[in-house]
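Note sheet for the following structure.
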Amino acid sequence: MAETNQKPEGQQTKASQNVKTAQAKKKGRLTLMQRRALVGFLFISPWFIGFLLFYVRSLYLAGVFSLNKISLDLAQGGYSLEFIGLDNYIYAFTKHGTFSQVLVSSVTDMLIDVPLITAFSLLIAIMLNSRFKGRTLVRAIFFLPVLLNSQAIVAAMDSASRLMAAGVGAMDAETMADLQSGAANISYYISIFKVLGLPESILDYIVSAADRLSSIVSSSGVQIVIFIAALQSISPSLYEVARIEGATTYETFWKVTLPMVSPLIITNVVYTVVDSFVVSEIVELAYYTNFTELNYGLSSAMSLVSSAVVCAVLGLICFLISRYTFYYN
Amino acid sequence: MAETIVAADAAQNAGSIPLGSSGENVDEIPSVNIPEENEGSLLDKIRALREDKQFENTRIRWMNRLKSLVLWIFRTVMIVGISYVIIGPLISIISSSFFSDSDLYNNMVFVIPQNPTLERYINAFSYMSYPKVFVKTILYTLSLMVLNVLVCSMVGYGFARFEFPFKKLFFGMVVVMIVIPIHTILFPLYITFHNFNPLWIPQLATGQKLNLLGTYIPMYIMTLFGTGLRSGLYIYIFIQFFRGLPKEIEEAAFVDGAGMFYTYFRIMLRNAMPAVVTVAIFSIVWQYNDTSYARMFNFPSDAVLSIRISSLSDTISNAMSISDPNITALFNNAGIVLVILPVMILYIVLQKQFVEGVERSGIVG
């Protein structure tokens with residue numbers, strides 16, 4: 001009995017299901033399908049309760065807070081709300097000194113970072129996927145940044161990597177001045193490329209990319225591993241065929257490798273967007289507004305707006321990429 | 001004839017045929033005939049060389065070698081360079097944590113300090129009350145890891161193997177959970193745990209709502225309900241992994257009379273070891289490094305290392321009345337080395353399982 005019922009529902013005719021339900025009702029028991037559904041729901045129930053309690057409820061509360069002026073009364077363990085409509089949103093966009101600016105710059109940063117990180121991690125993954133001596137060591141090194149992503153550590157690493165430009169050890173007044181001015185040397189290179197006649201927008205992109213190199217490297221650890229996994233799942237016979245047909249390495253990349261890893265580009269883009277958003281300036285601003293300025297309503301409004309923007313961007317990117325994604329199965 | 005072929009093969013095997021030797025072979029291959037009258041003419045020589053298959057092969061082989069050499073150089077330069085970008089700061093942090101005050105402003109000093117000192121470590125160690133906080137952190141991190149693995153694998157198994165109404169919708173919710181940034185719900189969570197009142201039980205029992213802030217409990221509650229730090233991602237990993245496992249194993253267990261929960265615990269979880277290892281290490285590392293939840297739940301300052309380290313440089317500059325931020329940074333570096341040391345050791349020990357686990361655990365799907 002048990003074995004036959006284990007077939008997926010699609011294979012069972014409706015009539016036989018009806019018969020079985022009738023039989024089950026006679027005995028006062030559930031059918032196996034129903035019982036499995038119940039057990040399945042039991043399996044996910046802890047998460048489901050948590051999701052409702054902590055996510056759905058919190059999102060609802062955030063929505064409510066953003067429409068109100070909140071005064072916290074922690075002594076009594078409560079808070080009082082005063083409905084002010086959309087004032088918080090209007091304030092954030094029209095009166096707040098930095099919100100719109102920070103929001104735009106955070107999103108732009110993200111839009112610059114995402115293609116760079118994705119392309120970079122794909123390139124590195126292809127390199128690390130071929131066999132060479134010391135591959136394990138190199139992979140371990142590339143995964144290191146994932147381990148060292150604590151805030152204090154990241155801050156210390158940042159200052160250390162800026163110091164690297166001046167040599168690891170000594171630190172004199174000159175170096176400190178260079179650090180403060182930051183882009184002292186970069187402007188020289190920019191002027192060189194301007195003379196060469198590169199369009200300024202492209203130049204800006206390249207400069208900012210070079211400027212971000214260390215942050216790009218340190219935030220592409222997980223993406224590299226995901227891409228390596230994807231590359232390893234490509235069947236070698238595809239490459240064999242390509243070689244026999246006389247395809248060059250370049251053609252093989254565009255016609256075999258890229259289509260085969262394209263489903264994972266979306267995964268990586270989602271991961272990158274979320275990951276870079278969590279540490280972006282706008283999040284810091286919302287956090288600061290909340291816990292330092294104690295303006296809870298405004299902070300909730302900021303968080304919701306920025307999350308909505310990011311989700312919209314994410315949806316748009318996924319939509320665009322999925323049009324070019326190739327699914328093998 | 002046979003001898004020439006053997007000779008040609010031998011030459012090919014040798015791999016490097018000087019141009020002269022290919023000329024010798026030309027005379028023996030009948031298809032190539034150099035006209036007698038224009039002997040020494042350059043054009044004819046070129047034509048002869050073009051028609052000479054032997055030379056062509058050698059040329060292609062050398063070009064391929066050159067190509068792969070260029071590729072190898074490019075790859076090595078890239079890998080070494082990027083590895084330096086990653087490791088450089090780490091080396092600098094480690095080396096500067098041994099600097100004495102005089103080394104810091106000495107321009108002659110590069111990486112290796114002239115007067116190495118352990119003062120930074122001794123002070124950082126004692127001001128962080130390292131042993132106590134470390135033990136607390138480890139217990140906290142490991143217990144949360146166990147909870148995460150159990151709960152998330154259960155949820156993942158439920159999603160991967162059972163059919164129930166609204167499954168697609170629920171799966172969408174998991175994705176939403178991954179995508180929503182935590183900061184959106186930070187403040188509501190803060191309020192929730194400040195006035196914690198599940199089913200009004202605390203209020204009925206003691207007359208007031210529970211304030212759970214300042215303790216570890218909120219994190220345990222959230223993790224227990226599968227909504228802890230990055231739980232969405234762990235659930236997703238498990239869903240993908242269980243989907244990839246063959247159904248036959250559990251069907252066999254089921255036919256033999258094992259219950260569904262028994263099957264999950266004794267059979268499926270054992271088979272999901274790569275995913276378990278991945279989630280376990282991710283969970284340990286991220287929980288160990290986490291500051292946003294710890295700050296939000298008002299963890300006491302001696303609760304976890306990640307909080308402790310972020311206030312270390314202030315603590316030391318106050319306690320030892322050091323006004324130079326560069327010297328405080330040295331103490332901070334020593335503290336950072338102390339904090340990342342356990343993770344590094346764990347990583348070095350489990351490195352292979354880690355990277356391969358991620359590769360096999362079906363994030364790829």
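Structure data summary
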read-out	value
A:Leu294-B:Asp324 FRET efficiency (beta carbon distance; Förster radius 30 Å; 0.05 resolution)	0.35
Estimated FRET transfer efficiency (A:Ser45, B:Arg295; beta-carbon r; R0 25 Å; 0.05)	0.25
B:Thr215, B:Thr227 arranged by Cβ crowding within 10 Å, fewest neighbours leading	B:Thr215, B:Thr227
Integer Hz, Karplus 6.51/-1.76/1.60 couplings in order for region A:119-127, x for Gly and Pro	5, 4, 5, 5, 4, 5, 4, 4, 5
Cα-centred dipole magnitude for region B:125-360, charges only on beta-carbon of K, R (+1) and D, E (-1), debye, nearest 20	240
Choice from B:Ser321, B:Ser92, B:Ser100 with maximal GNM fluctuation in chain B (Cα, 10 Å cutoff)	B:Ser321
Chain B: most fluctuating residue of B:Leu144, B:Leu213, B:Leu43 per GNM, C-alpha cutoff 10 Å	B:Leu43
Most fluctuating residue given options B:Trp200, B:Trp62, B:Trp286, as computed from a GNM of chain B linking Cα atoms under 10 Å	B:Trp62
Listed pairs B:Lys67/B:Lys352; B:Lys168/B:Lys247; B:Lys132/B:Lys209; A:Lys255/B:Lys67; A:Lys133/B:Lys67 exceeding 24 Å between Cα atoms	B:Lys67/B:Lys352; B:Lys132/B:Lys209
Relative contact order for chain B, counting Cα pairs under 8 Å that sit 6 or more residues apart, in percent	21
Cα lying deepest toward the dipole's positive end in region B:237-365, options B:Asn333, B:Ile307, B:Val285, charges on Cβ	B:Val285
Cα→Cβ-extended label distance, 7 Å offset, between B:Val80 and A:Tyr205, nm	3.1
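The numbers here are math on the coordinates, done by the rules we state, and not lab data. Computed from a prediction, not measured in an experiment: that's the story for all the values here. We place every Cβ from the backbone using ideal geometry, glycine too, and count neighbours over all the protein chains shown.
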